[in-house]
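Student: Sharing a structure with you now.
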Amino acid sequence: MEQQSQTPHKRRVRYKGKYPRKFEEKYKELQPEKYGDTVQHVIRKGNTPAGMHISIMVNEILDFLKIQPGETGFDATLGYGGHTKAMLQCLQGKGHVYATDVDPEESAKTRKRLAEQGFGEDLLTIKLQNFCTIDEIAEGVGGFDFILADLGVSSMQIDNPKRGFSFKVDGPLDLRLNQQKGVSAAERLRTIERDELAGMLYENSDEPYCEEIAKAVTDAIRRGEQIDTTTKLRGLIEQTLSFVPEKERKETVKKTCQRVFQALRIDVNNEFEVLYEFMEKLPGALRPGGRVAILTFHSGEDKLVKKALKQGFKEGIYSDYAKEIIRPSAQECAQNPRARSTKMRWAIRAK
């Protein structure tokens with residue numbers, strides 16, 4: 001009998017235990033269109049499904065923006081497209097939303113997802129560029145009636161080990177929103193001076209152990225060690241903080257890792273410089289009476305936004321602005337723990 005050459009069937013790699021732990025093993029969560037029940041189960045448990053992002057404070061944002069059919073809006077950070085979709089639904093097929101994102105990988109997925117849901121190029125224009133270019137886009141369309149800037153990093157980026165945003169899983173120490181541009185966090189650490197690193201950790205995340213961490217990192221680099229993965233950096237931080245009393249050490253290491261990774265992410269993506277430029281250009285991008293809502297996730301961002309809006313109000317640029325921050329509800333924080341650090345501020349352009 002003549003034997004036919006066939007490609008052997010390759011079984012999917014099975015994971016140990018009842019539930020998958022690794023990002024790449026969560027095949028059901030990564031296919032929400034096929035496994036909707038699994039995705040809803042994960043969300044009900046208060047977790048974010050792999051490859052997804054749960055939009056924060058959607059109701060509060062829409063209540064403030066008061067979007068009307070026929071208006072033109074701008075979403076500064078497209079991400080998974082949850083906020084964008086909610087704003088597009090308010091337009092009821094009349095009007096347009098312009099959105100920016102610097103992540104080519106995730107923005108392509110979101111463009112396809114929203115198009116399949118009926119939000120094509122007639123309603124939505126996505127530009128692969130930084131949101132500080134808002135003035136260029138506004139000039140071409142005559143300004144915006146509503147603007148949203150969600151300054152948080154999307155869960156799809158945080159959870160994917162290949163992006164290097166999380167200290168909880170092993171991956172390359174990258175932290176760039178666009179991996180095709182700039183230098184990775186690992187490359188940044190290779191050449192940075194001790195004083196500069198200590199200053200970065202303090203200014204970007206108020207890290208109390210900035211001096212100790214900066215010394216440990218630069219000493220390790222000088223010895224020829226490679227700090228090029230998330231676990232290597234986490235291990236160095238654990239070793240550096242070994243002097244902390246044992247009963248406090250686990251929580252201290254966790255919080256320090258969060259702050260160090262945040263500081264590096266802000267640095268390699270020039271986040272403060274981009275936000276400062278955006279806040280300067282914001283008034284000129286809003287039409288008279290136009291509204292802007294901004295979500296921040298750490299004190300440095302919030303201070304910068306608060307100062308710019310307050311100054312604009314004093315100068316008569318804004319007719320009103322948020323004197324107090326708006327926070328997500330307790331219910332939302334329980335359902336989505338990543339919402340806990342969110343602060344919303346807003347302003348209305350003077351007519």
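The values are calculated or read from the model by the stated rules, or taken from the named source; none is laboratory data. Computed from a predicted structure; not experimentally measured. Please note: Cβ atoms are built from the backbone with ideal geometry, for glycine as well, and neighbour counts cover all protein chains shown. The accessibility values were calculated without ligands, DNA or RNA, using every heavy atom of the protein model including side chains. Shrake-Rupley method; radii C 1.70, N 1.55, O 1.52, S 1.80 Å.
Student: If you find the alpha carbon centre of the range 70-112 and of the range 291-320, how far apart are they in angstrom?
Tutor: Centre-to-centre (Cα) distance: 22 Å.
Student: Per residue and in Å³, how big is the convex hull formed by the alpha-carbon atoms of the range 256-306? All intermediate terms of the calculation are to be shown ahead of the outcome.
Tutor: Working: hull volume 3.6 nm³, N = 51.
In the range 256-306, the Cα hull volume divided by residue count equals 70 Å³.
Student: Highest mean first, what order results for 171-181, 315-325 on Cβ atoms within 10 Å?
Tutor: Details: 171-181: 18.5, 315-325: 14.3.
Result, highest mean first: 171-181, 315-325.
Student: Using packing as a proxy for protection, rank 127-137, 107-117 so that the peptide with the highest average count of other Cβ atoms within 10 Å comes first. Could you put the intermediate results ahead of the total?
Tutor: Details: 127-137: 17.5, 107-117: 15.9.
So the order, starting with the most tightly packed, is 127-137, 107-117.
Student: Here is a follow-up. Could I have the simple spin-label model distance between S341 and Y276, label points 7 Å from Cα toward Cβ, reported in nm to one decimal?
Tutor: Once both label points are built, they end up 2.1 nm from each other.
Student: Counting only protein heavy atoms, what percent of the accessible surface of the range 185-244 is carbon or sulfur at a 1.4 Å probe?
Tutor: Working: 1380 of 3110 Å².
In the range 185-244, the share of accessible area belonging to carbon and sulfur is 44 percent.
Student: Identify the trypsin sites (Lys or Arg not before Pro) of the range 204-241 meeting these criteria: DSSP loop state and at most 15 other C-beta atoms within 10 Å of the C-beta.
Tutor: Details: sites: K215, R222, R223, K232, R234; in loops: R223.
Listed in order of number, the matching sites are R223.
Student: Could you give the nm distance between label points at T231 and K254, where each point is 7 Å from its Cα heading toward the beta carbon?
Tutor: 2.0
Student: Still on this structure, I have one more. Can you give me the solvent accessible area of H96 with a 1.4 Å probe, rounded to the nearest 10 Å²?
Tutor: For H96, the solvent-accessible surface is approximately 30 Å².
Student: Whose amide H sits under 5 Å from the amide H of I147, counting only residues 5 or more places off or on another chain, with H placed in the peptide plane?
Tutor: Result for I147 returns F74, R291, V292, A293.
Student: Percentage of Cα-Cα pair distances in the range 185-305 greater than 21 Å, rounded to whole percent? Let's see the in-between values first.
Tutor: Details: 3289 of 7260 pairs.
Everything past 21 Å amounts to 45 percent.
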